[in-house]
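The values are calculated or read from the model by the stated rules, or taken from the named source; none is laboratory data. In this text, all values refer to a predicted model and were calculated from it rather than measured experimentally. Every residue, glycine among them, receives a Cβ derived from its backbone with ideal geometry; neighbour counts consider all protein chains shown. Remember, those area values only see protein heavy atoms, side chains included, never the ligands or the DNA or RNA. Shrake-Rupley method; radii C 1.70, N 1.55, O 1.52, S 1.80 Å.
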Amino acid sequence: MSKRVMIVDDSRLVRVQLEDVLKGTDYEVAAYCRSGEDAIEQYAAVQPDLVTMDIIMQGMDGLDAAEIILKQNPDARIVMISSLAYGDTYDRAKSIGAKGFVDKPFHREQLLKVFEEALS
């Protein structure tokens with residue numbers, strides 16, 4: 001049975017890259033959101049197994065969106081994906097309950113490994 005992934009990223013390029021990485025795996029893209037606000041709105045309806053969350057987006061950033069989703073859905077599995085990550089960013093992601101962190105640009109094997117760890 002495939003695992004449903006909700007991609008939250010304002011970059012169409014990243015969406016395409018993630019879709020390419022997930023082709024032929026046990027993961028399927030269940031939803032695509034271009035903002036933190038959209039992710040919060042859609043999470044309950046989509047009920048994904050995993051969320052990939054960009055950090056820097058228009059409006060609410062991914063850390064704030066992840067924090068709200070996790071408060072409303074404590075079992076949510078969120079993996080942060082960002083090119084602008086510093087020690088304090090990793091620390092905040094971990095403190096709010098993110099299950100993993102992937103730096104952009106990401107590689108297929110790295111991404112799938114973090115997904116498996118987040119779901120275990």
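Taking amide H positions as modeled 1.01 Å from N, with prolines and chain starts lacking one, the residues under 5 Å from Tyr27 and 5 or more places away or on another chain are Lys3. Give the residues of the stretch 1-43 whose amide nitrogen is closer than 13 Å to a point set 7 Å from the Cα of Leu119 in the direction of its Cβ. Flagged as within label range: 1-6, 22-30.
Express the accessible area of the chain per residue in Å², computed with a 1.4 Å probe while the remaining protein chains stay in the model. Intermediate results must be reported in sequence, preceding the final value.
Values: 6340 Å² over 120 residues.
Ligands and nucleic acids excluded, the figure is 53 Å² per residue.
Computed on protein heavy atoms with a 1.4 Å probe, the accessible areas place Ser83, Ser35 in the order Ser83, Ser35, largest first. Length available on full extension from Tyr90 to Ala44: 0.36 nm per residue minus the Cα-Cα distance, which gives 14.0 nm. Partners of Lys71 within straight-line reach, counting aspartates and glutamates whose Cα lies under 15 Å from its Cα and excluding those fewer than 8 residues away in the same chain: Glu37, Glu41.
Couplings 3J(HN,Hα) for the stretch 64-76, derived from phi with the Karplus relation 6.51 cos²θ - 1.76 cosθ + 1.60 (θ = phi - 60°), are 5, 5, 4, 4, 5, 4, 5, 5, 7, 9, x, 8, 4 Hz, where x marks Gly and Pro. Springs between alpha-carbon pairs under 10 angstrom, Gaussian network model over the chain: which of Val79, Val102, Val21 fluctuates most? Answer for the Gaussian network model of the chain: Val21. Straight-line reach from Lys23: taking Cα to Cα under 29 Å and skipping same-chain neighbours fewer than 8 places apart, the lysines in range are Lys3, Lys94, Lys99, Lys104, Lys113. How much of the accessible area of the chain, probe 1.4 Å, is carbon plus sulfur, in whole percent? Carbon and sulfur: 49 percent of the exposed surface of the chain. Sorted largest first by accessible area at a 1.4 angstrom probe radius, with every protein chain in place, the residues Tyr32, Tyr27 fall in the order Tyr32, Tyr27.
In this Cβ point-charge picture (+1 for Lys and Arg, -1 for Asp and Glu), the stretch 1-119 has a dipole of about 200 debye about its Cα centre. Our coupling estimate for the stretch 41-55, obtained by passing each phi through the Karplus curve with A = 6.51, B = -1.76, C = 1.60 and θ = phi - 60°, is 5, 8, 3, 4, 6, 7, 6, x, 6, 8, 10, 9, 10, 5, 9 Hz, Gly and Pro reported as x.
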